[in-house]
Structure formats: structure tokens, C-alpha cells
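Before any comments, here is the structure.
The values are calculated or read from the model by the stated rules, or taken from the named source; none is laboratory data. These numbers were taken from a predicted model, which means no experiment stands behind them. Every residue, glycine as well, gets a Cβ built from its backbone with ideal geometry; the counts of neighbours run over all protein chains shown.
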Amino acid sequence: MLGLSSFLPAQRGHSHAVRQPFRRTVTAGVTVAIALGALVANADHASAENVALPTPLPDNFYSQPADIAKYTNGQIIRARTRPNPPAFFDIRTVQLKFRSTDSQGKPIAAVTTVLIPNHKRPNGPLLSFEHIVNAVGLQCAPSQALWTQDPNLTIREAPALNTVLQQGWTIAIPDHLGPRSAYGAARLGGQITLDGIRAARNFAPADVRASRVALAGYSGGGMAAAWAAALAPRYAPELHLVGAAYGGAPMNLIKMAEGLGYNNPHPAFGLAFAAAIGLSREYPDQIPMRKFLSPLGSSMYMQMRNACTNDILRLGAGHSAKQVAIGGRQVFENRTARRVVEDNSLALYPGVPKAPIFEWHSPTDVLIPVSSIVHTLGRYCRAGTRVQVLLTPSPDHLSAAVIGLLPALRYLTDRFNGIPAPNEC
């Protein structure tokens, strides 16, 4: 949908030091706690019976083996070749099923799609690209969307990614929402991303075993990339990331919920409701979502359980958490739900990335709490992480994604080439 020339306005953006103040703007976006607090208030005990999982894909490649526990994180369970996605050329495409770990510390089978240039040098750059996925249906995941005919699910960054593929970069695109399409479970996305990199390096035909590795993503994909960068020093210290470039990432889901006004209907409430569904799938004993839904909420839940972005927005438009929950309880009345949301808020995670960070966003973005980005990156700066920030000249969330992508890839090109990262702290 976007030609490569659509990315060129990036050069009109301006880099700013992290300490520059930004106007705090908070609305629905991918808000999680807005629905959670209302849906689980007064929950004494939850059960997986109160959580509806997505309909499994008919392709048995995605099934989890009974002996999953014997595998180590990042170990390949199965590999298969695939036809090249329609938007990509002069590459080979493989999909890897590998072991990762869910939000409860249990083993899961996850999937990454690896695009391998036909002309690359051994151990050339390896980029883990975290695609935007706002969905609770498994058919919306990147490993499916890469081949879809639906223009709403296509990888719109394909022109820019083709450019770096032709430069010899291998690209791994993980299904970072996991096998339950757990939209909103941001920490999970970071873990799957890191294990997907391990799997790509373990796949001998890709010849990236000793490659330099970087991360990139925007919005929900940026959240997975940001979590991966922060988790890497402890979760995957052997990867030695050379850089992470991400933008528009919600870093404090609590603050997003506090700024929403859950009593009032909102046009983007569907995203909040979908995130509550995703988190209930990852935390079934803490969030028995179905048990506390009103008739309207139950109807929305069953219609949305396999939905992609457009249907999520359509089903949730004009509704609120108060309408879909029995009793319309106060958002933060339930401590269990709040802890779950805090555990998936990067601003509250004490770990710090070792890899240098390039972050971009619109200073007037109304979908994410910009102040939480400033707070998080400021903490990274104080801990010694090298950080560069690009404020895009766009007024909104989606146009910022386009404007910042090429500068992000240029930043990672320098890191792959061994050029020291700039530091604006």
C-alpha cells in the first residue's frame, strides 16, 4: 500500500534528547487495565473454564507437541519451507516452530517466519522485526498475514524491509502474541521475540549462527521489541544485541487506563476489550473474564474471540468497561488485575537494556502516554544505556510509524557496521 517514497519524509524529523518534556496524552490505544479492573472485580478464584481460547488453526504445524517440556528455549521443534510472501522477492522463506515460555513460566510452541536473502554473506545481519498485531484471532498473526489477500492485514513495511533484505539482512518475524493470541501480554511478546531469534540462529541453512542481531517494531510490535531489549540481559544474555529501534510503544498500561475514563463510551474501546481477552488467556487463574461479563459483554466477547483489528474496532466502538461488566465496578478495585497489568507495563519493569536504543514517536500522539516513554527512557539513560529519540513531525500515531521507519533502519545499519551509537541522554 505504501511505496518506498512514502518513507522519505523521515528526513524532516528532528532528534531530541530524552530529557525534553513532552505533552502527556492518554486515550484508548491498546489500553489493557480499563477492561480488566471492571471485569474481574470481586473475583475470588478464576478458572480456565472462564476463558475462551481462539479457534485453533487447521494447520498442524502450529500444534504443540506433548513432549514440549524436553525442548529448551529457542530450540527448533519443526521447520518448513514456504512460498515467498507476495510482497517480497529474491529470498527464501522458512517457518520455524520453537519452544518458548508463556507468562506463567510454562513451555509453549511458538512460530517465527524467516526471510533469507538469496545473496547474503555468511553470518550477515539478523533483524528481528516485530510486526504490529492488534488481534485475538490466530489467523491475524504475521505467519498467516504475510500471505493474506486482506489489505488490512498485509505487512505494510514490506518496501523498506525488501531494501534491507537486498542488502543481505536476514529477517525473522515472530508471532509475538503467542499460540493463544494473547494481545496485551507484552512481556510474553518479548520472550517469544528473543526465543525466535535463538531459533533463527539455530537454523543452520540460514547461516546466521554468529550474526549480529537487532530488533525493530512499532506500536504493539514496538512493545514486543522494547520488552525483548529490556529482558535480553537476563532472559537471553548470549544474544548480545547491537541495537533496538522501536516506536509508538505503550510503556505504562496503568497510566493509559487511568487517563481513559472508563465510564464513558469510547470509539476505540474494542482494543481495550481485546487486550483484556488476551490477558485473560495468559492469566486464567487471575482473570476469569467470562464470569463477570454483562449480557452485552458476553455477546461482544464471543463475537470478538477470533477477531482481527477492524472487527475489534467495529464491535467495541461506542462502548465502555462499565457497560460490559456486571456491576460496572471501579477499574482498580481488584488488586489481582492491577498486578497483571503492572507486570506487563515496561515502565514498571526494573530491568534495563544493554543494547543502544533508537525510539521514535509523535509528540502529539493520542494513543499512547508519551510521558511514560520519557520516564522509561530517562531511567535507561541514568543506568548508562545509550539512547537516541526521534520526534516525528506528524500529529498522529500511524503516520509516525511511516516517518520513523527509515531512520530506524539507518540507525540499525550503523550498529551492524560497528559504528558507535549516538547518545542524547
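Of the residues A408, A401, A355, which is of a type in the set (A, V, I, L, M, F, W, C), more than 30 Å from T309 (Cα to Cα) and in contact (Cβ under 8 Å) with a residue 12 or more places away in the chain?
Details: A408 fails: more than 30 Å from T309 (Cα to Cα); A401 fails: more than 30 Å from T309 (Cα to Cα).
Within the list A408, A401, A355, the selection yields A355.
Look at region 195-249 and say how many of its residues are among the aromatic types (F, W, Y) and surrounded by 24 or more Cβ atoms within 10 Å (Cβ to Cβ).
3
Name the strands (runs of 3 or more DSSP E) wholly inside region 45-159 in which the number of residues that are buried (at least 22 other Cβ atoms within 10 Å of the Cβ) is 1 or more.
91-101, 107-117, 126-130
List pairs: first residue in region 78-101 and among the small types (G, A, S), second residue surrounded by fewer than 17 Cβ atoms within 10 Å (Cβ to Cβ) and not in a loop (DSSP other than H, G, I, E, B) anywhere in the structure, Cβ distance under 9 angstrom, at least six positions apart or on different chains.
A79/P205
Among residues belonging to region 380-423 that are among the polar types (S, T, N, Q) and either modelled with pLDDT of 95 or more or part of a loop (DSSP other than H, G, I, E, B) (or both), point out the one that is farthest from S219 (Cα to Cα). Show your work before the answer.
To start, the set of residues in region 380-423 that are among the polar types (S, T, N, Q) comprises 385, 388, 392, 394, 399, 413, 417, 423.
Within this subset, residues satisfying the condition of being either modelled with pLDDT of 95 or more or part of a loop (DSSP other than H, G, I, E, B) (or both) are 385, 388, 392, 394, 413, 417, 423.
Working: T385: 21, Q388: 18, T392: 14, S394: 15, T413: 21, N417: 27, N423: 23 Å.
Across region 380-423, the extreme among qualifying residues is N417.
From the list A185, A172, pick out the single residue that is surrounded by 24 or more Cβ atoms within 10 Å (Cβ to Cβ), small (G, A, S) and within 17 Å of T113 (Cβ to Cβ).
Checking each option against the conditions leaves just A172.
Could you please let me know if Q323 is farther than 30 Å from P58 by Cα, at pLDDT below 90 and in a loop (DSSP other than H, G, I, E, B)?
When the stated conditions are applied, Q323 does not pass them.
Any residue at all in region 190-206 that's over 21 Å from S63 (Cβ atoms), at pLDDT below 95, among the hydrophobic types (A, V, I, L, M, F, W, C) and within 15 Å of the chain's Cα centre (by Cα)?
No, that holds for no residue.
Can you tell me which residue within region 162-184, out of those that are among the small types (G, A, S) and modelled with pLDDT of 95 or more, is nearest to A225 (Cα to Cα)?
A172
Of the conditions (1) within 20 Å of N134 (Cβ to Cβ); (2) not in a helix (DSSP H, G or I), G351 clears all except one; give me its number.
Here G351 clears every test but (1).
Kindly indicate whether V340 is in contact with a strand residue (DSSP E or B) (Cβ under 8 Å, 6 or more places away or on another chain) and buried (at least 18 other Cβ atoms within 10 Å of the Cβ).
Numbers: in contact with a strand residue (DSSP E or B) (Cβ under 8 Å, 6 or more places away or on another chain): no; buried (at least 18 other Cβ atoms within 10 Å of the Cβ): yes.
No: the conditions fail for V340.
Kindly indicate whether I192 is crowded, with 24+ Cβ neighbours inside 10 Å and assigned to a helix (DSSP H, G or I).
yes
Out of L377, L313, L367, I need the residue that is in a loop (DSSP other than H, G, I, E, B) and of a type in the set (A, V, I, L, M). Which one?
Every option except L367 fails the conditions.
Restricting attention to region 113-163, report how many residues are free of Cβ contacts under 8 Å to residues at least 24 places away in the same chain and within 14 Å of the chain's Cα centre (by Cα).
Count: 0.
For residues in region 243-268 being at pLDDT below 85 and not in a loop (DSSP other than H, G, I, E, B), which is nearest to G316 (Cα to Cα)?
H266
Please go through region 230-252 and pick out each residue that is farther than 19 Å from A110 by Cα and either touching a strand residue (DSSP E or B) at 6+ places or on another chain (Cβ under 6 Å) or free of Cβ contacts under 8 Å to residues at least 24 places away in the same chain (or both).
Hits for region 230-252 are P237, E238, L241, V242, G243, A244, A245, Y246, G247, G248.
So which of L279, L390 ends up being among the hydrophobic types (A, V, I, L, M, F, W, C) and within 20 Å of V133 (Cα to Cα)?
Every option except L279 fails the conditions.
Consider L367 against the criteria (1) over 18 Å from the mean Cα position of the chain (by Cα); (2) within 25 Å of F129 (Cβ to Cβ): it satisfies all of them except one. Which criterion is unmet?
Tallying (1) over 18 Å from the mean Cα position of the chain (by Cα); (2) within 25 Å of F129 (Cβ to Cβ), L367 fails exactly one: (1).
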